[in-house]
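Beneath this line is the structure, given in structure tokens, with notes to follow.
Rule-based calculations on the coordinates, nothing more; no lab input. These numbers were taken from a predicted model, which means no experiment stands behind them. Because the Cβ atoms are built from the backbone with ideal geometry, glycine has one as well, and the counts that use them run over all protein chains shown.
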Amino acid sequence: MRASGIGIRTEAGLVHTPVRASDTPAELGVQDVVLVTLKSHALAAAAPSIQPLLGPRTSVVFLQNGIPWWYYHGHGGPREDQRLPRLDPGDALWQSIGPQRVVGGVTSTACTLVAPGVVEVKGGPRALTRGLLVFSAISDGTKS
């Protein structure tokens with residue numbers, strides 16, 4: 001990815017874009033937005049690697065299927081801020097990232113890594129439209 005960037009293959013074709021890639025997140029510094037696309041069982045172990053990317057205004061988009069670890073944050077009622085230890089063992093994500101900066105995302109497309117740095121996306125244009133909606137909400141401050 002350092003040499004050839006990231007490629008996204010859709011029904012419309014293949015698009016490559018350069019990226020600044022590192023296996024040491026602290027080298028990348030604070031980001032405006034961090035996209036996390038890991039499976040739920042891998043999130044807690046990744047929390048320390050995500051932390052150096054976060055500044056006071058950084059939003060973190062977790063793209064997952066299923067119930068997210070922050071599900072009850074801001075929920076109201078008797079379960080307000082209830083933790084889900086099966087999804088966030090030891091509160092690793094709650095403590096290091098915090099639910100207040102999360103922008104929820106749901107995956108509805110099937111993606112496959114077809115080569116190093118190349119992802120094939122199934123599902124057509126609707127997947128890209130949803131992504132634009134998420135980034136619009138982040139940039140205008142309405143992230144809900």
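For this structure, a couple of remarks:
- One compactness figure for the range 6-140 is 1.12, namely its Cα radius of gyration divided by 2.2 N^0.38 Å.
- Residues in the range 92-121 that a label on residue 14 would reach, taking backbone N under 12 Å of a point 7 Å out along Cα→Cβ: 114-120
- The amide H of residue 61, built 1.01 Å from its N in the peptide plane, has 34, 35, 36, 103 as neighbours under 5 Å, considering only residues 5 or more places off or on other chains.
- FRET efficiency, residue 37 to residue 100 (Cβ-Cβ, R0 25 Å, nearest 0.05): 0.75
- Pairwise FRET efficiency - residue 65 versus residue 2, Cβ, R0 = 30 Å, nearest 0.05: 0.50
- Net lengthening on full extension, residue 28/residue 84 (0.36 nm per residue, minus Cα-Cα): 17.1 nm
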